[in-house]
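S.K.: I have a structure I would like to understand better, so I am pasting it below and will then ask my questions one at a time.
The values are calculated or read from the model by the stated rules, or taken from the named source; none is laboratory data. In this text, all values refer to a predicted model and were calculated from it rather than measured experimentally. Glycine gets a Cβ as well: all are built from the backbone with ideal geometry, and neighbour counts include every protein chain shown. Please note that ligands, DNA and RNA were not included when accessible areas were found on the heavy atoms of the full protein model with its side chains. Shrake-Rupley method; radii C 1.70, N 1.55, O 1.52, S 1.80 Å.
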Amino acid sequence: MDSIVAEEIEKSLLDQGDEEQAKHLMRFFRTNPGEYGAGDRFIGLKVPQTRAIVKLVKGRVPLHEIKKLLYNSWHEVRLAGLLLLVEEMNSSLPKKGDKESWIKAQRREEIARFYLDHAHQANNWDLVDMSCPKILGLWLVYAPEHIKILEELAASDNLWVQRIAMVTNWILIRHNIIEPTKSIATKLLNHPHDLIQKAVGWMLREMGKKDKEALDYYLETHYKEMSRTTLRYAIEKLPENQRQFWLKR
C-alpha cells in the first residue's frame with residue numbers, strides 16, 4: 001500500500017467542515033483571548049468523523065507525516081495525528097497467546113518517545129484525554145520500569161503535559177497499577193487550574209472503583225489539601241451518605 005501524506009488527511013477533514021459546528025466548538029473549548037484554548041482553530045467536525053478518516057489511513061502514515069499533523073493549526077487535524085499514534089500503539093501490542101516480541105516492544109517505545117517529544121501539541125483537554133492513556137499508558141503497562149516518566153511530566157510548566165501525567169494513569173488503573181495515581185495526584189493536588197483539579201479528581205475516582213480502601217485512605221490523608229473541584233470529582237461515585245460525609249468535612 002502507498003503511504004499517505006499529511007496534506008491528504010488535512011484535505012479529507014477540511015472537505016467535511018461545518019462552519020456552525022466550528023463556532024460551537026470554539027465556544028466549548030474556550031478559544032477566546034485569555035482562555036485555555038485561545039487561538040485554536042476548528043474545522044467543525046465531530047469526533048466520529050475524524051475517527052472514520054483515521055481508520056481509512058491507519059498503518060499507512062509514517063511518523064514524519066504524523067508529526068506534520070500534530071503541528072497543524074486545525075484542532076481536528078492534530079486530533080487525527082494523535083489518533084493515528086493510538087492506532088500505531090495498538091498494532092504494536094502483543095496479541096493474546098503470542099510471546100512478547102522485542103521488535104514490537106521496540107516499536108512501542110519508539111511511538112511513546114515520539115509522543116513525549118511532541119506532547120505539548122496535545123494542547124486541549126480532549127486531545128490529551130483521547131491520546132495519552134492509549135499511547136503512554138499502554139506503553140507503561142508493558143514497560144513499568146519507565147513509570148517515573150510521569151513524575152517528570154507532572155513537574156512540567158506546561159498545563160497540557162501536566163494533564164498528560166495525570167490522565168495517563170487511567171489505563172494503569174485498569175491494569176491494577178494504582179501507586180502512580182497516588183503519587184502524581186499528590187504532586188498536582190494544589191494546582192490552581194481547574195483542568196488539572198478535575199483530572200486529579202477523575203483519576204482518584206477511577207482508583208476508587210478498583211480499590212475503595214485506597215481511595216478512602218487517600219481522602220483521609222489529603223482531603224484538607226484538595227480543592228472543592230478535586231474532591232467532588234473524586235467522590236462522585238460514592239454512596240450519597242459517604243459523599244456528604246466528605247463534603248461536610
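S.K.: Of (1) in a helix (DSSP H, G or I); (2) out of contact with any Lys or Arg (no Cβ under 9 Å at 6 or more places or on another chain), residue 100 satisfies all except one. Which?
M.R.: That leaves (1) as the condition not met.
S.K.: Looking only at residues that are touching a Lys or Arg at 6+ places or on another chain (Cβ under 9 Å), buried (at least 17 other Cβ atoms within 10 Å of the Cβ) and small (Gly, Ala, Ser) in the range 1-37, which one is farthest from residue 60 (Cα to Cα)?
M.R.: 37
S.K.: Would you be able to tell me the number of residues in the range 142-169 that are in a loop (DSSP other than H, G, I, E, B) and surrounded by 23 or more Cβ atoms within 10 Å (Cβ to Cβ)?
M.R.: Number of matching residues: 1.
S.K.: Related question: Working carefully through the options 41, 51, 78, find the one that is open to solvent by less than 40 Å² (accessible area, probe 1.4 Å), charged (D, E, K, R), at pLDDT 95 or above and under 21 Å from the mean Cα position of the chain (by Cα).
M.R.: So the residue among 41, 51, 78 that is open to solvent by less than 40 Å² (accessible area, probe 1.4 Å), charged (D, E, K, R), at pLDDT 95 or above and under 21 Å from the mean Cα position of the chain (by Cα) is 78.
S.K.: Could you grab the pairs with beta carbons closer than 7 Å, sequence gap of 6+ or different chains, first residue in the range 192-203 and surrounded by 23 or more Cβ atoms within 10 Å (Cβ to Cβ), second one of a type in the set (A, V, I, L, M, F, W, C) and not in a helix (DSSP H, G or I)?
M.R.: Note: pairs meeting the criteria are 200/189.
S.K.: Any residue in the range 163-176 that's at pLDDT 95 or above: show its pairings with residues that are hydrophobic (A, V, I, L, M, F, W, C) and not in a helix (DSSP H, G or I) at Cβ separation under 7 Å, as long as the two are six or more apart or on different chains.
M.R.: Listed pairs, sorted by first residue: 164/122.
S.K.: Across the range 220-249, what is the total count of residues that are within 27 Å of the chain's Cα centre (by Cα), of a type outside the set (A, V, I, L, M) and under 12 Å from residue 201 (Cβ atoms)?
M.R.: Of the residues in that region, 10 qualify.
S.K.: Restricting the search to the range 98-119, which residues are more than 21 Å from residue 202 (Cβ to Cβ) and either aromatic (Phe, Trp, Tyr) or in contact with a helix residue (DSSP H, G or I) (Cβ under 6 Å, 6 or more places away or on another chain) (or both)?
M.R.: If the condition is that a residue be more than 21 Å from residue 202 (Cβ to Cβ) and either aromatic (Phe, Trp, Tyr) or in contact with a helix residue (DSSP H, G or I) (Cβ under 6 Å, 6 or more places away or on another chain) (or both), then 102, 108, 111, 112, 114, 118 are the ones that fit.
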